[in-house]
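Below is one structure, written out as C-alpha cells; comments come after it.
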Amino acid sequence: MPESDAALTSDAMMRAYVMQDMWHGAIEKMPLPQPRRGEVRIRSRYAGICGSDVHAYLGHHIRRRLPLVPGHEASGIVDVLGPGVTEPEPGTAVVVNPEIGCGSCEDCAVGWSNLCRNKVLMGTSSWPGAFAQYFCAPAANLFVLPDDLSLRTAALTEPASVAVHALRKVESWTDQNALIIGAGSIGSTLLVAAKLMGWKHVTVSDVIASKLEEASALGADAVVDVAGASLSEELSRNNVPPPGVVFVAASGTGLIDSCFAVARSRAAIVLLGQFSEAGVIDIDKGRIREQTILGSFTYTRRDFVDALGLLSKNAERFSPLTSRVISLDAADDVIHEMAAGLSRSVKVLIDLGG
Ligand SMILES: [Zn+2]
Ligand SMILES: [Zn+2]
C-alpha cells in the first residue's frame, strides 16, 4: 500500500477511482462509506474491469450514468457489519453479487431478478463500486469464498455468472458445435465454462490474434481470425463445421446476419454482447432456416452460486484470465486504452492492496 493510502485510511478517508465524465476519470479522496441497516463494509481486494464499465466511460451505458465509482466484479474482506447484520464476520473473504432486484415485480417473484426493471446495480451512481479501497453491499448479496478459491480468481465470479446464465439457455445442446464470437473477457470466460460444462467442440473468433492465442491456451478446439476476411470464409478455410449454437460476445453491424449465414439450420444464436446502436437485421434469413435468437442478460442468484462453485472446483482453468493485474492509479489509463480499442488484454483486474 502506498504511504498516502495508509494515512488516508487512518483519517477515515479512502481513495477511489471516479469516472467523472466521458473519457475522463481520476483518483479522488472520499470518506469511508458507512454501512446502513442490512449492509456490510468490505475492504476491496480485486475488481475486474468490465466491458460495461467501458461503455459507461463512453457514455453508452443506459444504467451506468456518470459520475460514478465503477467496479462490480469484486472480491474483498469483510470489514464492518452494519446494523442488523451478524455475519459474515469481519475478516471473512467474500465475493459480491452486484445486482439487487426489487423483490416484488413479476420477474423477481419467479427468480428472474436479472430482468427486474427496478434492479439496483453496483458500480453506478446509486451504489458505489469496488474501484475504491472500501465499498458497502447488502449482507444478503455476499458469498463466502470456499477455502480453495483465491480472492484474485474469485473476482471472476461475476463474468463467470454471465457465462453460466448463457450456457443454461442451451444446456441440452452440448453435443452441437459451438461458435463464440468475441474473445474478450465474456467470450473467454464463456469458453472455459463451456468446456467445463461438457461442450464437445468450441470455436472462438475474434479480430485480435493475441486474444485468439489466449483462447487456444484456455481450451478452444479451434480459433479463427476474422481481421482480414469474413466469418464464413474463415470458418470454411479452417474446416470448422457450421455451428449449431453461436454465442455472440461482441457487437457490430452485420454480425447477426453473419450468424444466420454461418450457423446451421435450426441453430440457436445467443446474444451476450451489448449492441450500443440499433441496427437492421435481415431477419428472414433466420426465419427460413428456423434459427432462433435468444437474449441473455446478466444472471440470477442461482447462476451466481453455480459460477462460484465452478470457479472453486476449477480455479486453475480460469486463473490465466487473471494474469493482468494493475494498480488503482493505472485504472484510468487502462480504461482509456480499452475505450479507444487499443487494449490487447482479455481481462484486467485492479489490485486494491492488502
Ligand atoms: Zn461485468
Ligand atoms: Zn423486481
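Annotations
- The residues of the chain expose, per residue, 44 Å² of accessible area to a 1.4 Å probe.
- Of Glu89, Glu99, the residue with the largest accessible area leads and the full order is Glu89, Glu99 (1.4 Å probe).
- Shape call, the range 158-261: gyration tensor on alpha carbons, a/c limit 1.5: rounded
- Summing charges over neighbours of Ile256, with a neighbour being any other residue whose Cβ is under 14 Å away from its Cβ, gives -1 when K and R count +1 and D and E count -1.
- Residue-count net charge about Pro98 - beta-carbon cut-off 14 Å; Lys, Arg +1, Asp, Glu -1: -2
- For Phe135, the residues whose modelled amide H falls within less than 5 Å of its own, excluding neighbours fewer than 5 places apart on the same chain, are Ile42, Ser44.
- Remark: the chain carries a charge dipole of roughly 700 debye about the Cα centre, counting +1 on each Lys and Arg Cβ and -1 on each Asp and Glu Cβ.
- Taking the Kirkwood radius as Rh and the Cα radius of gyration as Rg, the range 199-321 has a ratio of Rg/Rh equal to 0.98.
- Accessible surface of Phe297 - all protein chains present, 1.4 Å probe, nearest 10 Å²: 110 Å²
- Multiplying each eigenvalue of the alpha-carbon gyration tensor of the range 19-76 by 5 and taking the square root yields semi-axes of 22, 13, 12 Å, largest first, rounded to whole angstroms.
- Summing Lys and Arg as +1 and Asp and Glu as -1 over all other residues whose Cβ lies under 13 Å from the Cβ of Asn114 gives a net charge of +3.
- With an a/c value of 1.5 or above and a/b not larger than b/c for the gyration tensor axes a ≥ b ≥ c computed over the alpha-carbon atoms, the range 21-140 is described as oblate.
- Three-way shape label, the chain, alpha-carbon gyration tensor, a/c 1.5: prolate
- For the range 281-354, the share of alpha carbon pairs falling in successive 10 Å distance bins from zero is 14, 24, 30, 23, 8, 1 percent.
- Rolling a 1.4 Å probe across all protein chains gives His24 an accessible area of roughly 90 Å².
- Under-5 Å amide H pairs with Leu145, H placed in peptide plane, nonlocal only: Ala93, Val94, Val95
- Solvent-accessible ranking of Ile100, Ile256, largest area first, probe 1.4 Å: Ile100, Ile256
- ³J(HN,Hα), Karplus 6.51/-1.76/1.60, whole Hz, each residue of the range 279-285, x for Gly, Pro: x, 9, 10, 7, 4, 5, 4
The values are calculated or read from the model by the stated rules, or taken from the named source; none is laboratory data. All figures in this text were calculated on a predicted structure; none of them were measured in a lab. Glycine gets a Cβ as well: all are built from the backbone with ideal geometry, and neighbour counts include every protein chain shown. Protein only, heavy atoms only, side chains kept; ligands, DNA and RNA dropped before computing areas. Shrake-Rupley method; radii C 1.70, N 1.55, O 1.52, S 1.80 Å.
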